[in-house]
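A.B. asks: Next up is a structure, given as structure tokens.
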Amino acid sequence: TDRFLAVSHGRSERLVPGNAAAVDVSRPFSSLTKFGTAFLNRFEVSELPSPILDSITLIDTPGILSGEKQRVERGYEFEDVISWFAERSDRILVLFDAHKLDISDELKRTLEVLKGHEDKVRVILNKADLVDSQALMRVYGALMWSLGKVVRSPEVMRVYIGSFWDQALSPTGEANAKLFHAEKQDLLSDLRALPRNAAVRKVNELVKRARLAKVHALLVNHLWLKMPYLWGSKSKQKQLTGRLETEYVKVQKAHNLAPGDFPHPDKFRAGLAVHNLSDFPKLSSRLIDVMDGGLTRDIPKLLLQLRDEGDADGALAASVSSQAGLDDGSNPFAKELDYSSREQWVIDTNSKAKWDNLFYSLNPSGSPETLSGSNVRSVMLESGLSSEVLRVVWDLSDIDNDGKLDADEFALAMHLISIGRNSGGASIPNPLPVAFIPPSKR
């Protein structure tokens, strides 16, 4: 794509131009107007009636270009736009093709813009099925070496390897099919965890912004105090901006601040070029004290509250299972199928989305993520069906007989319970018709 595309939920499929999306107060894109018409002409919002988009918005960026001339031809500051989206994103996926690993000047600048958001970044080595196992090892090593020169961090970045599309693997990479499947499941597990940790990430962003705002305020006030009262303000400001690195050190030592919280000198210098330091008001020490109080007292209380709520969600299932004395690998109600059919699954998309939300609210674990009998027992008991019926439901749903339910098996169990509640336990089909078997299990 040659443009930024936001994919969000809508009642019907439609494409909203960037200029219209930016003036729509119901959308979170109004501040994008600062990047000008050249950018908005290359920004679109695509609305789709997909359940997965109820709680997530996907942003697809243009492909990375190389060369100064191509960068100028965009007509807007690409890195500034990337920075805007990075600050508001929960996860940032950086994709590389296995046969094209060169890091261009623009990509290098883009990765540098993501500094400070390293916890959000995941790297994907895509189209890895186009190379054999030996070549894949060399490609992976070359990618890590290239990233190491750009991303200045002692931590090794997580790289997911695979062929991330809905087509069959290339014969060249079929030998790595098991690896690609495991990597895909790890990536999906990482993405599925995002909604569960959304509140904590928002608090983290709040703390990050508060610390940066404090440093910015102290730095501006430090420079403001050095400005003359009557004349010579322009020459003094020019003098101060020329030695920002020295002033940074003074502010850091005076207020015991972390060097990493200071803005990049060139970026801060560019901001000062369009403002007069003498026009800023004097910093209120009371406001700084209020901010410090919020960071040291209120935020920890909020995090404690979020943690307690998370613990409470899993406490009920844990207490029920402990009272029942259940093993994780057993049927909690305990005393060959035709997998070749392509018949449509009896569970529609909306129902599957509803059961998936319930599935992930029960804190599944493993890769792929599954729920044990102790996790789901209390949920199944809430149906009011007898243990005899629920035992049959479990046996029918645990298609791979591993003593656990994955997302598809759990959705099947909930569907069978719905049939039992509406029409009685005797109406639950046994054995299962092919249409009841999840496509992933056929």
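A.B. asks: Which of rounded, prolate, oblate describes the range 132-215, given a ≥ b ≥ c as roots of the alpha-carbon gyration tensor eigenvalues and a/c under 1.5 marking rounded, otherwise prolate only if a/b is larger than b/c? If you can, show how the numbers build up before the last one.
C.D. replies: Details: a/c = 4.22, a/b = 1.71, b/c = 2.47.
Oblate, because a/c is 1.5 or more while a/b does not exceed b/c.
A.B. asks: List the GluC sites (Glu not before Pro) within the range 124-221 that fall in a DSSP loop (any state other than H, G, I, E or B) and whose Cβ has at most 13 other Cβ atoms within 10 Å. Working shown, then result.
C.D. replies: Details: sites: Glu155, Glu174, Glu183, Glu205; in loops: Glu155.
Passing both the DSSP loop test and the Cβ count: Glu155.
A.B. asks: Also, quick follow-up: Given the chain reduced to its alpha-carbon atoms as identical point scatterers, what log10 I(q)/I(0) does the Debye formula return at q = 0.07, 0.08, 0.14 Å⁻¹?
C.D. replies: The calculated log intensity ratios at q = 0.07, 0.08, 0.14 Å⁻¹ are -0.52, -0.66, -1.46.
A.B. asks: Compute and list, largest first, the equivalent-ellipsoid semi-axes of the range 39-141 from the alpha carbon gyration tensor, each √(5λ) rounded to a whole angstrom.
C.D. replies: In descending order, the three semi-axes are 25, 21, 14 Å.
A.B. asks: Given the pairs Lys214/Lys301; Lys115/Lys250; Lys127/Lys208, which span a C-alpha to C-alpha distance of over 26 angstrom in this model? Each step should come with its number before you reach the end.
C.D. replies: On the way: Lys214/Lys301 21 Å; Lys115/Lys250 24 Å; Lys127/Lys208 36 Å.
Over 26 Å Cα-Cα: Lys127/Lys208.
A.B. asks: Using θ = phi - 60° and the Karplus relation 6.51 cos²θ - 1.76 cosθ + 1.60, list the HN-Hα couplings for the range 132-148 in order, rounded to whole Hz, with x at every Gly or Pro.
C.D. replies: Coupling constants for the range 132-148: 7, 4, 5, 5, 5, 4, 5, 5, 4, x, 5, 5, 5, 5, 5, 5, x Hz.
A.B. asks: I'd like the distance between the alpha-carbon centres of the range 1-58 and the range 147-223, rounded to an integer number of Å.
C.D. replies: 23 Å
A.B. asks: Taking the alpha carbon gyration tensor of the range 350-410, what are the square roots of 5 times its eigenvalues, largest first, to the nearest whole Å? Don't skip to the end; give the middle numbers.
C.D. replies: Values: eigenvalues 62, 39, 24 Å².
Listed largest to smallest, the semi-axes of the range 350-410 are 18, 14, 11 Å.
A.B. asks: What shape does the range 364-442 take by its C-alpha gyration tensor, where a ≥ b ≥ c are the square roots of the eigenvalues and a/c under 1.5 counts as rounded, a/b above b/c as prolate, and the rest as oblate?
C.D. replies: On the way: a/c = 2.09, a/b = 1.24, b/c = 1.69.
Cα axes put the range 364-442 in the oblate bin.
A.B. asks: Next question, about the same structure. Placing unit charges on C-beta atoms (Lys and Arg positive, Asp and Glu negative, everything else neutral), compute the dipole magnitude of the range 226-267 about its Cα centre in debye, rounded to 20. Don't jump to the answer; show the numbers that get you there.
C.D. replies: Numbers: 8 positive and 4 negative charges, 51 e Å.
Approximately 240 debye in magnitude.
A.B. asks: Something else: Work out the charge dipole of the range 1-122 with +1 on the Cβ of Lys and Arg and -1 on the Cβ of Asp and Glu about the Cα centre, then indicate which of Ala98, Ser26, Pro49 is farthest towards its positive end.
C.D. replies: The residue sitting farthest along the positive end of the dipole is Ser26.
A.B. asks: May I ask you to give the average projected area over all directions of the convex hull of the Cα atoms of the range 111-168, in nm² rounded to one decimal?
C.D. replies: 4.7 nm²
A.B. asks: Report the percentage of all Cα-Cα pairs in the range 209-296 whose separation exceeds 21 Å, rounded to a whole percent.
C.D. replies: Working: 1127 of 3828 pairs.
Value for the range 209-296 (Cα pairs over 21 Å): 29 percent.
A.B. asks: Might you tell me the accessible area per residue for the chain, computed with a 1.4 Å probe and given in Å²? Mind dumping the intermediate values first?
C.D. replies: Working: 25660 Å² over 442 residues.
Here the per-residue accessible area is 58 Å².
The values are calculated or read from the model by the stated rules, or taken from the named source; none is laboratory data. No experiment lies behind these values; they were computed from the predicted model shown. Reconstructed Cβ throughout: ideal geometry from the backbone, glycine too, with neighbour counts over all protein chains shown. Protein only, heavy atoms only, side chains kept; ligands, DNA and RNA dropped before computing areas. Shrake-Rupley method; radii C 1.70, N 1.55, O 1.52, S 1.80 Å.
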